[in-house]
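A short worksheet on the structure shown next.
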Amino acid sequence: MACCNGMSLLCIILNIMNEIQNQSTHWADITADKIIREKGDKPLYTCASGITPSGTVHIGNFREIITVELVVRALREKGKNVRFIYSWDDYDVFRKVPKNMPEQEKLETYLRFPITLVPDTTGRAENYARANEKAVEDILPAVGVHPEYLYQAERYRAGYYAEDIKHALEHRSEIRAILNEYRTEPLPESWWPVAVFSSFTNKDTTTVLDWDGEYGLTYRDDELDKTETIDIRTTPNTKLPWRIDWPMRWVKEGVDFEPGGKDHLTEGGSYDTSKNVVKVFGGEAPVTMRYDFVQIKGHGGKISSSSGDVVDLYDVLEVYPPEIVRYLFVGTRPSAEFAISFDLDVLKIYEDYDNTERIYFGLMQVNEKKAEKEKRIYELSQVDGQKIPAEPGYQIPFRHLCNYLQIYSGDVEKVLARFSDASESQKERLRVRMKCAWAWLQKYAPEEFRFSLRDSELYEASEAERKAIRELADAAEKHLDSLSEKEFSEYIYQTAKDNDMENADFFRLIYQALIGKDKGPKLASFLKACGSERVVDILRRY
């Protein structure tokens, strides 16, 4: 440092400070930087995810998919070439029939088969595994996720991993020693690092007996007490167990990043064993990240594909637009558990997203640190990161939008007609949001939140009450459309006073007259949303 004068040293410090300041604090960007730092500068980075399609792929499984996609996006934004692979582990064993699958008894006859050989009782695809895979592949583009799919049954059955299976057999003792470090009971000397599906029954109820040192593997079908010697290159029967298969594929695909659920990343879990087994195959473990489970508001415990008690991405997209679905995961660190709500918390989630959008477009002022964080969350929440909206969405609270939809019985175009100042872009986004809002109102909204305007049946009001209703109808006809909500509320209170009614009693009367309930949306804003024509039409009937 002797050659540095004070000015050049200051420049170095300022450059470092600027570099730190320019770094994003979002977890996806931090992870991308970690991958580059730990794996070095590479011409291609590979990020991986995958699952066994043992049943409906639920929204908890989606957390891993979107976690990888966000890191992939962050790497690409740093100018890196990235391969995003998604492995379908469809050569795993069919262990349990999910409750939501049709023809339960038929499916039970296929227990212990590889799931790719189980029939699809829903009639959607050529087999059980493919039906579950296709459901995911069809919907992921809607939320901006486009991986390259790898089908492990196809690869195993084609002999693609024959040399890797042979390599595992050659290093049988070494692999057993590694696995035994994480077991309370050691594996027996007779253990083999390979599983076999019987040629006679297609089941995995087999025992490996011997290996000839090359490609011949002898096994016994334990149910039929038959033995057979197969060639692992040409017979589609063999596969590696999970804790050997996973690290083998890290090497095969050159995986640089793959997250794991907390069940896999607990001490002594499959990641701990795999990061040692991977060395047997001449590789190293990828950068990883632990993600926690996703809960559904009102559901207890961990959602499970095999149980059939699931909420999937289709269900969530019914209530939330794609950018808000992404926002739920973008705005939460993967290591934090969170719940996706279908109750009244839906209103808050929409409001939180809209606040983030307002911050991005400078419509809401916050401190610099929060603004940077929220702007990055907004960017990553967009389905196409290259096409950030040029303007914010139409800023109407979700609660008010729900009120409009109920006033117009779900007619989206009639509601849009009330928003004459909305641009075409805003209208398109509003259409999607209203479709979601209407679905939520019909399926999930609490009863006290729902209403519909009276059609022909009238509230049984006294003559004094009818007089008060008619006076409010007069006020609405003259002033409702021309005055602000606050200004018209004065007419509501004055009408109650003129008819010697307590405010609460008068409000209850008007709600009963309009929607047949004792309570409803804030009255003045509700009347404004209805418009004078509809309000007067109903109130004049009294």
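For W211, what charge total do you get from the other residues with a beta carbon under 11 Å from its beta carbon, if Lys and Arg give +1 and Asp and Glu give -1? Within the 11 Å Cβ shell, the charges total -2. One Cα centroid belongs to the range 337-385, the other to the range 29-81; the line between them spans 22 Å.
Principal axis analysis of the Cα atoms in the range 203-349 yields extents of 65, 37, 27 Å, listed in decreasing size.
Rounded to the nearest Hz, the phi-derived 3J(HN,Hα) couplings of the range 200-212 under the Karplus curve 6.51 cos²θ - 1.76 cosθ + 1.60 (θ = phi - 60°) are 7, 10, 6, 8, 8, 7, 9, 10, 6, 9, 6, 9, 8, where x marks glycine and proline. Among 207-214, 409-416, sorting by the average number of other beta carbon atoms lying within 10 angstrom of each residue, highest first, gives 409-416, 207-214.
Annotation: lysines with alpha-carbon distance below 26 angstrom to K528 (same-chain offsets under eight excluded): K348, K414, K427, K435, K467, K478, K486, K497, K517, K519. With all protein chains in place and a 1.4 Å probe, the accessible surface of the chain carries 48 percent carbon and sulfur. One decimal place: the segment S482-K297 gains 62.4 nm when fully extended, by the rule 0.36 nm per residue minus the C-alpha distance.
Among H479, H146, the order of accessible area from largest down is H146, H479, computed with a 1.4 Å probe on protein heavy atoms. For the chain, the longest principal axis of the Cα atoms and the long axis of helix 503-515 meet at an angle of about 70 degrees. The alpha carbon radius of gyration of the range 367-493, expressed as a multiple of 2.2 N^0.38 Å, is 1.43.
I'd like to know which of S484, F506, A529 lies farthest towards the positive end of the charge dipole of the range 474-542, counting +1 on Cβ of Lys and Arg and -1 on Cβ of Asp and Glu. Towards the positive end, the residue furthest out is A529.
Ligands, DNA and RNA are left out, and with a 1.4 angstrom probe the accessible area of the chain is 48 Å² per residue.
In the context of the full protein assembly, R431 retains an accessible surface of approximately 70 Å², using a probe radius of 1.4 Å and ignoring ligands and nucleic acids. Across T109, T116, T67, the residue with the most accessible area heads the list, and the full order at a 1.4 Å probe is T109, T116, T67.
Can you flag which of K78/K373; K166/K239; K99/K262; K262/K373; K34/K373 are past 21 Å Cα-Cα?
Numbers: K78/K373 18 Å; K166/K239 11 Å; K99/K262 25 Å; K262/K373 26 Å; K34/K373 19 Å.
Over 21 Å Cα-Cα: K99/K262; K262/K373.
Length gain on complete extension for the stretch T201 to K262, per 0.36 nm per residue less the alpha carbon to alpha carbon distance? Don't jump to the answer; show the numbers that get you there.
Details: separation 61, 0.36 × 61 = 21.96 nm, distance 3.53 nm.
Stretched fully, the T201-K262 segment lengthens by 18.4 nm.
Largest to smallest in accessible area, the residues W246, W438 fall in the order W438, W246 (1.4 Å probe, all protein chains included).
Look at the alpha carbon pairs under 8 Å that are at least 6 residues apart: their mean separation over the length of the range 227-348 gives a relative contact order of 23 percent. Backbone amide hydrogens, once placed in the peptide plane, bring S87 within less than 5 Å of S49, G50, I51, L150, excluding anything fewer than 5 places away on its chain. For the range 47-178, the fraction of alpha-carbon pairs lying more than 24 Å apart is 42 percent, rounded to a whole number. Remark: the range 177-186, residue by residue, has Karplus-estimated 3J(HN,Hα) of 5, 5, 5, 5, 5, 10, 10, 6, 10, x Hz, where x stands for each Gly or Pro and the curve is 6.51 cos²θ - 1.76 cosθ + 1.60 at θ = phi - 60°. Based on the reciprocal of the average 1/r between different C-alpha atoms, the Kirkwood radius for the chain equals 27.8 Å. Cα centroid separation, the range 149-212 to the range 105-147: 25 Å. Couplings 3J(HN,Hα) of the range 492-499, computed from phi: 5, 5, 5, 5, 4, 5, 5, 10 Hz, in residue order, whole Hz [Karplus 6.51 cos²θ - 1.76 cosθ + 1.60, θ = phi - 60°; x for Gly and Pro]. Under a point-charge model restricted to the Cβ atoms of Lys and Arg (+1) and Asp and Glu (-1), what is the dipole moment magnitude of the chain relative to its Cα centre, in debye to the nearest 20? Rounded to the nearest 20 debye, it is 800 debye. List residues of the range 499-527, by number, whose backbone nitrogen lies under 15 Å from a label position 7 Å along Cα→C-beta of L344. From the range 499-527, the list is 519-522.
Rounded to the nearest 500 deg cm²/dmol, what is the calculated helix-only ellipticity per residue at 222 nm for the chain, with -39500 (n - 2.57) per DSSP H run of length n ≥ 4?
Values: 22 runs with 251 residues, N = 542.
Helix-only estimate at 222 nm: -14000 deg cm²/dmol.
Taking amide H as placed 1.01 Å from N in the peptide plane, T205 has its amide H under 5 Å from the amide H of S198, each at least 5 places away in sequence or on another chain. Pairwise inverse Cα distances across the range 187-276, averaged and inverted, put the Kirkwood hydrodynamic radius at 14.9 Å.
Scoring 34-41, 383-390 by mean Cβ neighbours within 10 Å over their residues and listing the highest first yields 34-41, 383-390.
For the range 225-292, the calculated P(r), taken from all Cα-Cα distances in 10 Å bins from zero up to the bin holding the longest distance, is 20, 43, 22, 14, 2 percent.
The values are calculated or read from the model by the stated rules, or taken from the named source; none is laboratory data. All of these numbers come straight from a predicted model, not from anything done at the bench. Heads up, the Cβs are rebuilt from the backbone with ideal geometry, glycines too, and the neighbour counts pull from every protein chain shown. We work out accessible area using only protein heavy atoms, side chains counted, and drop any ligands, DNA or RNA first. Shrake-Rupley method; radii C 1.70, N 1.55, O 1.52, S 1.80 Å.
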